[in-house]
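Where a number appears in this text, it was derived from the coordinates with a stated rule and is not lab data. None of these values were measured; they are calculated from a predicted model. Reconstructed Cβ throughout: ideal geometry from the backbone, glycine too, with neighbour counts over all protein chains shown.
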Amino acid sequence: MRKSIFVFGAVLLLAGAIRAQSLRDSVAAMARAFKGDVGIYAVNLRNGDTLSYNADKKFPTASVIKIFVLGKLYQEVSRGRLSMNDEVVLHDSDKVPGSGILLFMHDGMKLTLNDLAWLMINMSDNVAANLLTDEVGGVGKVTDFIRSLGLTRTAELARIFDKRVYADSAERKIYGIGVSTPREAAEYLAMLYKGEVVSPQSSKAMVDLMKYQFYDTSIPRFLPTYRDTIEIAHKTGALDATRNDCAIIFTPGTNYILCVFTTHNKDQRWITDNSAEVFIANVSKLVYRRFVK
């Protein structure tokens with residue numbers, strides 16, 4: 001009897017190893033065929049299974065850096081230096097192009113920090129991100145917060161569309177407003193999931209906020225019951241040659257984290273079917289099938 005149980009357990013382990021290898025091989029083949037640079041990291045939060053491809057390579061974060069600005073904001077609130085009900089006045093001089101809606105709002109408009117946080121994460125509003133970066137003490141303070149979490153390869157490098165020169169301007173020329181790796185971005189999301197960023201209450205508030213993401217054409221795109229039995233807390237980031245998405249995926253079967261970064265992409269079209277967005281969606285579908293099914 002014991003021998004049968006042992007054999008059955010060994011068969012299950014072998015089957016799991018084969019599935020994991022199949023996932024790695026499938027994703028690696030897709031990544032090699034993609035016309036751009038790719039980095040991927042995924043972790044199954046139920047059993048610890050991982051998927052890694054260029055997971056420690058640095059990539060431009062684009063707007064993914066905004067989840068770290070959010071963390072610093074909640075840290076300042078927890079210290080009593082700020083309140084989510086504090087108001088900020090929008091001025092025409094604050095307006096920068098790109099994603100979001102504040103660019104089109106009137107001079108003198110008042111918004112709470114909570115309003116700005118929602119717009120920064122879910123509409124990826126660039127004006128809101130700059131205003132919040134200022135409220136928490138600037139680019140350097142956001143990076144100090146990131147370092148306090150043990151993340152050494154992630155940094156906010158500049159305010160968005162800010163021409164001022166910072167001490168890390170060499171990295172800024174390469175990566176733009178922020179830099180990270182798929183593994184470190186995933187580690188940050190895992191900390192949020194476990195309630196380890198600022199406090200359990202703050203971590204939960206940030207995860208809940210990220211579930212209202214407006215841009216859902218990458219990781220959520222091909223998941224079968226998204227917004228029905230699947231919830232996704234995520235943040236996208238996009239530049240002409242960069243498309244990223246980092247997510248916590250909540251399913252009835254298991255919860256897992258997936259971060260996909262792409263850059264130097266040949267396809268730079270601003271359309272839903274940009275090849276990088278479709279690539280990320282296909283990686284997401286494969287990971288879902290292996291982790292959940």
**OP:** Give the residue from A155, V69, L223 lying farthest towards the positive end of the charge dipole for the chain; charges sit on Cβ (+1 for Lys and Arg, -1 for Asp and Glu) and the dipole is referred to the Cα centre.
**Re:** L223
Original post:
Where in the range 69-123 are there trypsin sites (Lys or Arg not before Pro) that are in a DSSP coil and have at most 16 other Cβ atoms within 10 angstrom of their Cβ?
Top reply: R79, R81
Original post:
Can you give the helix-only mean residue ellipticity at 222 nm for the chain, where every DSSP H stretch with n ≥ 4 adds -39500 (n - 2.57) and the sum goes over all residues, rounded to the nearest 500 deg cm²/dmol?
Top reply: -13500 deg cm²/dmol
Original post:
Once the mean 1/r over all distinct Cα pairs of the range 66-173 is inverted, what Kirkwood radius in angstroms do you read off?
Top reply: 14.2
Subject >> Computed FRET value (nearest 0.05) for K57 with D134, which takes r as the C-beta separation and R₀ as 41 Å >> reply: 0.85
Subject >> Whole-Å distance, taken between Cα centres, linking the range 41-116 and the range 124-147 >> reply: 8
Subject >> Residue (of G48, M210, N244) at the positive-pole extreme of the chain, dipole from beta-carbon charges >> reply: G48
Subject >> Paramagnetic label zone (point 7 Å from Cα along Cα-to-C-beta, K285; backbone N under 11 Å) in the range 217-237 >> reply: 221-224
Original post:
About the Cα centre of the chain, what is the dipole size in debye to 20, counting +1 per Lys and Arg Cβ and -1 per Asp and Glu Cβ, all else neutral?
Top reply: 1320
**OP:** Can you tell me the 0 to 90 degree angle between the C-alpha axis of helix 113-122 and the longest principal axis of the chain, rounded to 10?
**Re:** 50
Original post:
Using alpha carbons only, how many degrees (0 to 90, rounded to 10) separate the axis of helix 66-78 from the longest principal axis of the chain?
Top reply: 70
Original post:
Out of the DSSP beta bridges found with both residues in the chain, what percent are antiparallel (nearest 5)?
Top reply: 95
Original post:
Which value in nm describes the separation of the simple spin-label points at T50 and I271, placed 7 Å from the Cα toward the beta carbon?
Top reply: 3.8
**OP:** Quick one: check the C-alpha center-to-center distance for the range 241-292 versus the range 192-206, whole angstrom.
**Re:** 24
Original post:
Any idea what Rg and Dmax come out to for the chain if you just take the C-alpha atoms, in Å?
Top reply: 19.7, 77
**OP:** Starting from the Cα coordinates of the range 134-208, work out the convex hull volume and express it per residue in Å³.
**Re:** 105
